[in-house]
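To start, the structure under review is shown below, and the notes come after it.
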Amino acid sequence: MNVAAIASKTAPAGKVRRVLMITQDYPYIDKRILLEAKTLARAGFEVSILSPLPFSEKGCEDAGVIFLSVATEKKTAGGFIIKTKDRLREMFPGWLYPTAKRLFFSIKSADFIPYKKEMVKAAMDYAPDICFAHDLPALPIARDAVSGTGALIVYDSHEFFIGQHAVRGKRRRFFEHMEKECIGAAGLMLTVNDEIADIFNEKYGIRPKTIQNASECGAAPSRKDLQELLNIPANKKIVLYQGALHEGRNLEVLVEMAGNLPEDIVVVFIGTGFLKNKLKKKAGAGGLLGKKAFFIDGVSFCEVVSYTAGADAGMVPYTAIDLNTKFCTPNKLYEYISARVPIIANSDLVSVGRLIDRYKIGICADFTDPGRLAVEITDFLASAGLAKLKENMGKAAAVLSWEQEGKKLISYLNEAL
């Protein structure tokens, strides 16, 4: 594939095609967006990412990706919604947060899409040739911004948005209507795996192209020495969870499980989020903090694989509380693969389990009982078959890499233009 061909296709001679990626992500932008932006920038496009609040990400500087925002602080109507959602997360326990948020939206006549008007105007001013809508809240922004201009809309659905447990009641009805109304405006639709593509096909008669949430791979990655970084004895094995520390991810079970592990295995969390302080307090109350459970702040997307490579196993603990989670294939799954770290996933996760089974790169375990989980992890790390799993990880990494997925992105765009 000549990637330069797509950048010039149907464009006037000498014109660089302008790509605008619209996202409602805050305060961190999904790695998928950043990798797509880098791929397109390196293919000769002019690429900008538009988000509600100011943002810059280490790792995109070399590609020339530009970051745009529509607000500097949370004082507008859109900012009020963002700020209130943040406070609700802090005030209520994880299991009660979705209910509190639904109550807020039922009382407050909200747009559900913060900064929509400002983002539509900014997108119109940018005048893109290709406009990516990253997830459902960005789709009506893209549609309104480029309507009648001939620009290609790419709807990149990172998940089955309306299939989330937290998207219920008035909010679900709003977004379900919005997706049905706007999805036809997209000239190209992408999603993260075949199972979610099947859901969209059944619901709308539109089958998205699949771009997996793969990581940049290359040769075996550099390895951060987590033992040295956290003052963990070198003879101890590390079971890792990396990613957002939010409710609904079964993270409290991992802290309890740490207390059931033998002396030579510890649990490390890498990430930030609303649950971090609660998890640390829980670990501290059980005498586990700094002994069996360790915490590292979140790292940039270009460094996360190196940190991940310092572990002996990586966990995907989510409980399938909704259709979206049941069929999720999150970034961390591919980061474990890229880092050549065998995977321990919750057996609830259908799409994750299928990928693990296909490439023989880990196990699916019961995450409901911390004691039983500790036994399964201990047996896994002592297994004679672990060396073979690590060998399989290298083979899987060569196939499930962003280098391969990026080529697909260019090909799909080429077909759509």
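Just so you know, all these numbers are worked out from the coordinates, no wet-lab data involved. None of these values were measured; they are calculated from a predicted model. Note: ideal-geometry Cβ built from the backbone for every residue, glycine included; neighbour counts use all protein chains shown.
Rg of the Cα atoms in the range 118-196, relative to 2.2 N^0.38 Å, amounts to 1.11. Extent of the range 227-342 along its three principal axes (Cα atoms, max minus min coordinate, largest first): 38, 29, 24 Å.
Using packing as a proxy for protection, rank 231-237, 281-287 so that the peptide with the highest average count of other Cβ atoms within 10 Å comes first. Kindly include the intermediate steps, with their values, before the conclusion.
Values: 231-237: 12.1, 281-287: 14.7.
The most tightly packed comes first, giving 281-287, 231-237.
Separation of the alpha carbons by more than 26 angstrom is noted, of K38/K332; K180/K407; K38/K276; K224/K390; K117/K278, for K180/K407; K38/K276; K117/K278.
Could you give the semi-axes, largest first, of the ellipsoid that matches the range 286-375, computed as the square roots of 5 times the alpha carbon gyration tensor eigenvalues and rounded to whole Å?
Equivalent ellipsoid of the range 286-375: 21, 18, 13 Å, largest first.
For the range 341-417, report the convex hull volume of the alpha-carbon atoms normalised per residue, in Å³, without decimals.
Numbers: hull volume 7.7 nm³, N = 77.
Taking only Cα atoms, the range 341-417 has a hull volume of 99 Å³ per residue.
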